[in-house]
Amino acid sequence: MSQPIYKRVLLKASGEALMGSQGFGIDVTVSDRIASDIAEARAMGVEVGVVVGGGNIFRGVAVASKGGDRVTGDHMGMLGTVINALALATSLRKLDIETVVLSAISMPEICESFSQRATLYHLSLGRVVIFAGGTGNPFFTTDSAAALRAAEMGAQAIFKGTQVDGIYSADPKKFPDAERFDHLTHSQVLEKGLAVMDVAAVALARENSIPIIVFSIHEKGGFAEILTGGGRKTIVSDN
């Protein structure tokens, strides 16, 4: 088996990816397949933290756009990420992968509370750590949570699993002639306004010199392939 380039990474998976072909909720077969990709990475000795979005269940901005309270909406969205984290943890445990869910919102009957100390402890024991509840604060996306948790856990890279196989100048599903990028700097992503992660997330990754690797979450085995230097992806780094 090829040696991985990175020893500790943060995987950011969109909530929409968990829907599969459904219009809402969680497709267990998709959750199981993402879990198998994470298991492949663990088999190579890579320490993995995971942040899952909540868009398949609820988006806080949906409340605000209809005149509701954004803070309440964001809290609802955070709960959606906890549901997704529990689902993915279940899929990982079916593969006998030791997994712990750490939530930014205290809910001890369901999962452990997040702290950097707990994160590093569980990683040291070889467990996959799934971060739930976003940052625990309204007005911040799960992309920002991913960049924050990556910095806190000392991740060497953020793997952003998306619906497409890299970063394009526009949505390639709507604009077939959109330009695809193999490599960009963090500053170029911000200057070009490319919608790969929100501005706060990209800026935080840049500040902490963490590369962002964008790939398709739907390619079985793609995560492990990219970890060993192959696969189709866009790398955002200043090197």
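The values are calculated or read from the model by the stated rules, or taken from the named source; none is laboratory data. Quantities reported herein were computed from a predicted structural model and do not represent experimental measurements. As a convention, Cβ positions derive from the backbone with ideal geometry for all residues, glycine included, and neighbour counts pool all protein chains shown.
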Within region 105-133, residues charged (D, E, K, R), more than 14 Å from A85 (Cβ to Cβ) and either outside any loop (DSSP other than H, G, I, E, B) or touching a strand residue (DSSP E or B) at 6+ places or on another chain (Cβ under 9 Å) (or both) come out as R117
Hey, any hits in region 34-45 for a residue that's under 22 Å from S144 (Cα atoms), crowded, with 17+ Cβ neighbours inside 10 Å and in contact (Cβ under 8 Å) with a residue 60 or more places away in the chain?
yes
**Request:** Test G80 against the stated conditions and say whether it is touching a residue at least 40 places away in the same chain (Cβ under 8 Å), closer than 24 Å to Q156 by Cα and under 19 Å from the mean Cα position of the chain (by Cα).
**Result:** no
Inside region 169-186, the number of residues satisfying the requirement of being modelled with pLDDT of 95 or more and touching an Asp or Glu at 6+ places or on another chain (Cβ under 9 Å) is 2
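Might you check whether a residue that is basic (K, R), within 21 Å of A145 (Cβ to Cβ) and at pLDDT 95 or above occurs anywhere in region 224-233?
Looking through region 224-233, none of the residues is basic (K, R), within 21 Å of A145 (Cβ to Cβ) and at pLDDT 95 or above.
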| query | Is one or more of the residues making up region 8-26 surrounded by fewer than 23 Cβ atoms within 10 Å (Cβ to Cβ), modelled with pLDDT of 95 or more and either of a type in the set (F, W, Y) or over 21 Å from G229 (Cβ atoms) (or both)? | reply | no
Taking region 87-104 and keeping residues without any contact (Cβ under 8 Å) to a residue 40 or more places away in the chain and either part of a helix (DSSP H, G or I) or of a type in the set (S, T, N, Q) (or both) leaves R93, T99, S103
request  = Please tell me if A150 is among the small types (G, A, S) and either in a loop (DSSP other than H, G, I, E, B) or within 20 Å of R42 (Cα to Cα) (or both).
outcome  = yes
(request) Confirm whether G73 is surrounded by fewer than 21 Cβ atoms within 10 Å (Cβ to Cβ), assigned to a helix (DSSP H, G or I) and among the small types (G, A, S). (result) yes
Result of the Cβ filter at 6 Å on region 113-131, keeping first residues that are of a type in the set (S, T, Y) and partners that are in a loop (DSSP other than H, G, I, E, B), at least 6 apart or interchain, is S113/S106
Note: among G161, G136, just one is touching a residue at least 24 places away in the same chain (Cβ under 8 Å) and part of a loop (DSSP other than H, G, I, E, B), namely G136
Scanning region 87-97 residue by residue, those of a type outside the set (D, E, K, R) and surrounded by fewer than 19 Cβ atoms within 10 Å (Cβ to Cβ) turn out to be T90, L95
Among residues of region 17-34 being hydrophobic (A, V, I, L, M, F, W, C) and not in a helix (DSSP H, G or I), the residue nearest to N84 (Cα to Cα) is I26
